[in-house]
Amino acid sequence: MAAQAVPLYLPGSSVVHRTGAGTKLLVLLAAGVALALWRSPWQVALAFALVLAGYAVARLPLRTLVRQLLGLAWVAVPLLAFQWIFASWQTGIGVVGSFVSMVLLAGLVTLTTRTTAMVDVVVRACGWLRRLGVDPERVGLMLALGIRSVHVVIGLAQEVREAQHARGLRASPRAFAVPLIVRSLRHADRLGEALTARGVDD
Amino acid sequence: MPEIRVSHVSHSFGDGSARRTVLTDLDVTLTEPRIGIVGANGSGKSTFVRLLNGLVHPDSGTVTVDGRDTVRDGREVRRRVGFCFTDPDAQIVMPTVAEDVAFGLRRRGLTKDEVRARTQGALTAYGLSGHADHPAHLLSGGQKQLLALASVLVTEPDLLVLDEPTTLLDLRNAAMVRSVVDGLAQQVVLVTHHLDLLDGFDRVLVFNEGRIVHDGAPAGAVVAYRALATA
């Protein structure tokens, strides 16, 4: 299963890398709120520039940023065209610019923060849930598994697509989705067994 | 070495007309350092080894590891019995190599420094220290299986159960896994179709249709297994 996608974490010693996971997640939260409230083109342009500056300060490779932008283009370009036609160019820039800035910012946090550090923050933040019978460790584990599953599902999708091509099948959403779902469920089953074997249920 | 005691164990899967018996009245005690298990697909060997750390509970009979019941004392048993599956992708939990090795230690009440030191030690021991921060999904098949082994062995189990760990690997990677297993001080129970992995093992069980049909030294077990396959 060789999923080729944007890496999850790129080690480094920049200021962004050294900033605590909690601080970075708070900045992400604050940016989300701010971009929901202020969406004029110049405000969004400022946010986008700040995110790009973040990538530069973190000394992340340019190709990582380009790959993220290309991945977003599939959604961003049609969305921009739609907003431009049915609303205005200012609305289009505001909506798409804030969306792209937020996804890039989330990528910056993920690329410069170990998953375990983020999990630790989430576990601490969810400590009060213990009184309601929720295990914060499990909430953190869900986050980690969610992040890990991105590449697992990408890998499974590649396998399904290759199997279809090998059998000469044309692109069909149903023929693609059904085996992907079945394989994902089977993977989830095996993962559950492995987690039990590693004592997660104990 | 831990004593594995399997007493009159039977197990079935499914309900009603779809019910299928996979293990029938198994009764065996295992104390040797190296124990191999062979048999055809569906012969019950994977279910058997899943009994050893409580992943499967027997319908009848008991399984104990050093006197601890795998059902009643499941938690204690799983702390002593490490389990490595065929597909390493299905047992890698964390996104990066070092994080996955550390995962098993996080719930053991160790300090962060202890977790870091033991993780680093395991990565070095299994040749993965150069990949510590690499995404686990980008490792080769052999490296993934080494990571799966490292993630289990870092918790220092007394017994390591391996369910066909080389099935998805090429000869070179299979040899690498073999050399890791050879160097372990722990008791090992290995399920495999690669019969050469059983050279030097103390005891090999041959499974057929849910029963142990041969129990002895590797050479005799391989002959018995081949006879079954050609019958």
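The values are calculated or read from the model by the stated rules, or taken from the named source; none is laboratory data. Computed from a predicted structure; not experimentally measured. Cβ sites come from the backbone with ideal geometry, for glycine too, and all protein chains shown count toward neighbours.
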Inset, instruction - Return the only residue of B:L160, B:L197, B:L184 being in a strand (DSSP E or B) and in contact with a strand residue (DSSP E or B) (Cβ under 9 Å, 6 or more places away or on another chain). - result: B:L160
Legend entry - A:A175 being more than 25 Å from B:A148 (Cβ to Cβ), free of Cβ contacts under 8 Å to residues at least 40 places away in the same chain and away from chain B (no Cβ under 14 Å): yes
Legend entry - strands (runs of 3 or more DSSP E) wholly inside region B:8-92 that include at least 3 residues being surrounded by fewer than 21 Cβ atoms within 10 Å (Cβ to Cβ): B:20-30, B:60-65
Legend entry - Any chance A:I147 is touching a helix residue (DSSP H, G or I) at 6+ places or on another chain (Cβ under 6 Å), β-branched (V, I, T) and within 13 Å of chain B (Cβ to nearest Cβ): yes
Legend entry - Given (1) over 24 Å from the mean Cα position of the chain (by Cα); (2) modelled with pLDDT under 85, number of the condition A:G155 does not satisfy: (1)
Inset, instruction - Confirm whether A:G168 is over 25 Å from the mean Cα position of the chain (by Cα) and at pLDDT below 85. - result: yes
Inset, instruction - Select from region A:149-172 the residues that are surrounded by 16 or more Cβ atoms within 10 Å (Cβ to Cβ) and without any contact (Cβ under 8 Å) to a residue 24 or more places away in the chain and list them in ascending order. - result: A:S149, A:A157, A:V160, A:Q164
Legend entry - One residue from A:R190, A:R198 being within 29 Å of A:R114 (Cβ to Cβ) and under 26 Å from the mean Cα position of the chain (by Cα): A:R190
Legend entry - Output for region B:78-95, where each listed residue is more than 7 Å from chain A (Cβ to nearest Cβ) and among the aliphatic types (A, V, I, L, M): B:V81, B:I92
Inset, instruction - Kindly establish whether B:G104 is facing chain A (nearest Cβ under 7 Å) and in contact (Cβ under 8 Å) with a residue 24 or more places away in the chain. - result: yes
Inset, instruction - Go through the residues of region A:183-191 one by one and say whether even a single one is closer than 30 Å to A:R63 by Cα, within 11 Å of chain B (Cβ to nearest Cβ) and either touching a residue at least 40 places away in the same chain (Cβ under 8 Å) or surrounded by 18 or more Cβ atoms within 10 Å (Cβ to Cβ) (or both). - result: no
Inset, instruction - Just give me the residues in region B:110-139 being over 22 Å from A:V200 (Cα atoms), more than 9 Å from chain A (Cβ to nearest Cβ) and part of a loop (DSSP other than H, G, I, E, B), in sequence order. - result: B:Y126, B:G127, B:L128, B:L139
Inset, instruction - Collect the residues in region B:94-120 that are at pLDDT 90 or above, under 15 Å from A:T115 (Cβ atoms) and not acidic (D, E), keeping them in residue-number order. - result: B:V97, B:A98, B:V101, B:A102, B:V115, B:T119
Inset, instruction - Of the numbered conditions (1) modelled with pLDDT of 90 or more; (2) within 20 Å of the chain's Cα centre (by Cα); (3) surrounded by fewer than 17 Cβ atoms within 10 Å (Cβ to Cβ); (4) assigned to a loop (DSSP other than H, G, I, E, B), A:Q4 fails exactly one; give the number of that condition. - result: (1)
Legend entry - In region B:215-231, the residues that are over 21 Å from B:T31 (Cβ atoms) and part of a helix (DSSP H, G or I): B:V222, B:V223, B:A224, B:Y225, B:R226, B:A227, B:L228, B:A229, B:T230
Inset, instruction - Determine, yes or no, whether A:V66 is at pLDDT 95 or above, hydrophobic (A, V, I, L, M, F, W, C), under 17 Å from the mean Cα position of the chain (by Cα) and in a helix (DSSP H, G or I). - result: no
Inset, instruction - For region A:29-63, enumerate the residues that are outside any helix (DSSP H, G or I) and surrounded by 14 or more Cβ atoms within 10 Å (Cβ to Cβ). - result: A:W38, A:R39, A:A58, A:R59, A:L60
Legend entry - Residues (part of a helix (DSSP H, G or I) and touching a residue at least 12 places away in the same chain (Cβ under 8 Å)) located in region A:126-142: A:P136, A:E137, A:V139, A:G140, A:L141
Inset, instruction - For B:T70, indicate whether it is within 14 Å of another protein chain (Cβ to nearest Cβ) and within 30 Å of B:G130 (Cβ to Cβ). - result: no
Inset, instruction - Please specify each residue of region B:23-78 satisfying the condition of being within 16 Å of the chain's Cα centre (by Cα) and charged (D, E, K, R). - result: B:E32, B:R34, B:K45, B:R50, B:R78
Inset, instruction - Output yes when any residue across region A:70-83 is within 14 Å of chain B (Cβ to nearest Cβ), within 30 Å of B:P88 (Cβ to Cβ) and not in a loop (DSSP other than H, G, I, E, B), and no when none is. - result: no
